[in-house]
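Participant: Take a look at the following structure, please.
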Amino acid sequence: MLRVSLREISAALKEGQVTPTELCQRCLSFIKATKFLNAYITIAEETALKQAEESEERYRRGQILGDLDGIPVAVKDNFNTAGIETTCASNMLKGYIPPYNATVVQKLLDQGAVLLGKTNLDEFAMGSGSTDGIFGPVRNPWSYSRQYRDKCVQNSHPEKEDSNWLITGGSSGGSAAAVSSFTCFAALGSDTGGSTRNPAAHCGVVGLKPTYGLISRHGLIPLVNSMDVPGILTRCVDDAAIVLGVLAGHDPKDSTTVQDPFKSFELTCFTDASKLCIGIPKEYHAPGLSSETLALWSKAADLFENAGAKVIEVSLPHTRYSVVCYHVLCTSEVASNMARFDGLEYGHRSSMDKSTEVMYAATRREGFNDVVRGRILSGNYFLLKQNYENYFIKAQKVRRLIAKDFVNVFHSGIDVLLTPTTLSDTIPYVEFIKEDNRTRSAQDDIFTQAANMAGLPAITVPTALSEKGLPVGLQFIGRAFQEQQLLTVAKWFEKQVKFPMIQLQGIMDHGHTVSHHQKSAFFS
């Protein structure tokens, strides 16, 4: 029952094949069974069961609130949730219980969704592995899949401590793992430079970053205000469209949201690809791109071309500067945003109180990890009066050039860009931590950062399994506010590749063994 799509489970609820309470209990039992993945920081069991009971009563009366009524969801732990601890995986906010819900959380609840809990992440969403939070790293469910273990790991058990478990990617790794391991049907992430798409690709799920301004950021604890976007993680493209329809639209509490009303849409599969023009950015053939990912990217382009679409190589010449540009802008805004955590208003407060300055410094030393402190220091350096013009202003100018590249490409007739999402499939934790957070983030977000700087919508779709039996995703980038076109193309692609569902070993009982679709011969 848990391996079906959000749309299918919604239909099952309406037909009375399962009740919201039964579904909630099943998901909660799966969360407990997969506790070793460390996907969740907080499990809101009591709240979730109460919400499920209320949903059940609405179904009984025939007064359901929408397609999400009774659907179990999870939320990344950097979105405020009223009455539920919100930590950002940091000592600075450990124990903090917000008095209000983020707008996106409230919209889910208004539709009757059941909030199971808060998912794990890199501290304050600063990272690409979901390994740097105070609650420990998130383990990729594919570490325990039959597909991976048959090829790479023999005679292992999920609960056994070993060195072969894989990272989820980050920073929304907890949300990606939660969806991938069937503990919920959709999850919220945040996406500043790829933090939804990166873990979605590594965990074999769909990750959508909407256009900047389409979804409210109110209640999302900010990292980089000018790039942050709430992200959506689901198991198929259709489900992402359903959640987008619930979340999108103007919010008077967020002045950056679009003023125009958003109309929900139902995705259809296009039958005539001849009117479609796919762009292949040559600059995305980056150093470090694995031969497997390159081959899949090429095959995907051929797939569109064979279906009648026009496939054209395009140039985004300023992409090569995106990593450096992103670093300057990201750390500058981080320095500004993190200034609010001073131990005075809320959050952690040091016991060292000889003076305000001592308490302030000690609070930030105790509350932030090395990664966060490092970004604060970098950002403050770039914002110094003598450096401001040479770093921050120059980076803003480069950002405009990066955005202009996309405008030029789309004005040339390109509908959607096709790129890799990550350099390769995921890697073991022991390999990942050999390099520092900054280096890893620069490497792992190389294909995703530019879309954030340009404010464009992008989606990663699981495409095939690597030789190691691990997911590889490809990314589609669309025109601003053209989510319907972007998701329609992504749905068509998803239907062609028939990505195999994860087969989890030793987690599900015999009666709920996860089946999988036949792998596409094209991508074999």
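Participant: I need the full set of residues from segment 74-96 which are open to solvent by 10 Å² or more (accessible area, probe 1.4 Å) and part of a strand (DSSP E or B), in order please.
Facilitator: I84
Participant: What are the residue pairs meeting all of these: first residue in segment 1-14, first residue among the small types (G, A, S), second residue in a helix (DSSP H, G or I), Cβ atoms under 7 Å, and 6 or more apart or on different chains?
Facilitator: S5/D238; S5/D239
Participant: Here's something else I'd like to know. Going by what's in this entry, would I64 be described as under 19 Å from K107 (Cβ atoms) and either open to solvent by 10 Å² or more (accessible area, probe 1.4 Å) or in contact (Cβ under 8 Å) with a residue 60 or more places away in the chain (or both)?
Facilitator: Working: under 19 Å from K107 (Cβ atoms): yes; either open to solvent by 10 Å² or more (accessible area, probe 1.4 Å) or in contact (Cβ under 8 Å) with a residue 60 or more places away in the chain (or both): yes.
It is true that I64 is under 19 Å from K107 (Cβ atoms) and either open to solvent by 10 Å² or more (accessible area, probe 1.4 Å) or in contact (Cβ under 8 Å) with a residue 60 or more places away in the chain (or both).
Participant: Let me ask you something else. Kindly evaluate T211 against the criterion of being over 27 Å from H327 (Cβ atoms) and not aliphatic (A, V, I, L, M). Steps first, answer last, please.
Facilitator: Working: over 27 Å from H327 (Cβ atoms): no; not aliphatic (A, V, I, L, M): yes.
Here the answer is no, as T211 does not meet what is asked.
Participant: Further question: Need at least 2 residues that are basic (K, R) and modelled with pLDDT under 85 per element, so show me which helices (runs of 4 or more DSSP H) inside segment 433-524 make the cut, counting only ones lying wholly within it. Explain how you work it out, then say what you get.
Facilitator: Working: elements: 437-444, 449-454, 483-497.
Once the helices (runs of 4 or more DSSP H) in segment 433-524 are filtered for at least 2 residues that are basic (K, R) and modelled with pLDDT under 85, what remains is 437-444.
Participant: Determine which single condition Y429 fails, assuming it passes every other condition in (1) within 26 Å of D122 (Cα to Cα); (2) surrounded by fewer than 19 Cβ atoms within 10 Å (Cβ to Cβ); (3) in contact with a strand residue (DSSP E or B) (Cβ under 9 Å, 6 or more places away or on another chain).
Facilitator: Here Y429 clears every test but (2).
Participant: Give segment 283-292 a look and list any residue that's outside any loop (DSSP other than H, G, I, E, B) and of a type in the set (G, A, S), or say none. Steps first, answer last, please.
Facilitator: Initial filter on segment 283-292 (outside any loop (DSSP other than H, G, I, E, B)): 283-284, 291-292.
Hit for segment 283-292 is S291, nothing else.
Participant: Of everything in segment 1-25, what is of a type outside the set (D, E), assigned to a helix (DSSP H, G or I) and either open to solvent by 20 Å² or more (accessible area, probe 1.4 Å) or over 15 Å from G62 (Cα atoms) (or both)? Give them in sequence order. First the steps, then the outcome.
Facilitator: First, pick out the residues of segment 1-25 that are of a type outside the set (D, E): 1-7, 9-14, 16-21, 23-25.
Then keep just the ones that are assigned to a helix (DSSP H, G or I); that gives 6-7, 9-14, 20-21, 23-25.
Of everything in segment 1-25, those that are of a type outside the set (D, E), assigned to a helix (DSSP H, G or I) and either open to solvent by 20 Å² or more (accessible area, probe 1.4 Å) or over 15 Å from G62 (Cα atoms) (or both) turn out to be L6, R7, I9, A11, K14, T21, L23, C24, Q25.
The values are calculated or read from the model by the stated rules, or taken from the named source; none is laboratory data. Note that the structure is a prediction, hence the values are computed from the model and not measured. When we count neighbours, we look across all protein chains shown, and the Cβ atoms used for this are built from the backbone with ideal geometry, even at glycine. In case anyone asks, the SASA skips ligands and DNA or RNA and just uses the protein heavy atoms, side chains included. Shrake-Rupley method; radii C 1.70, N 1.55, O 1.52, S 1.80 Å.
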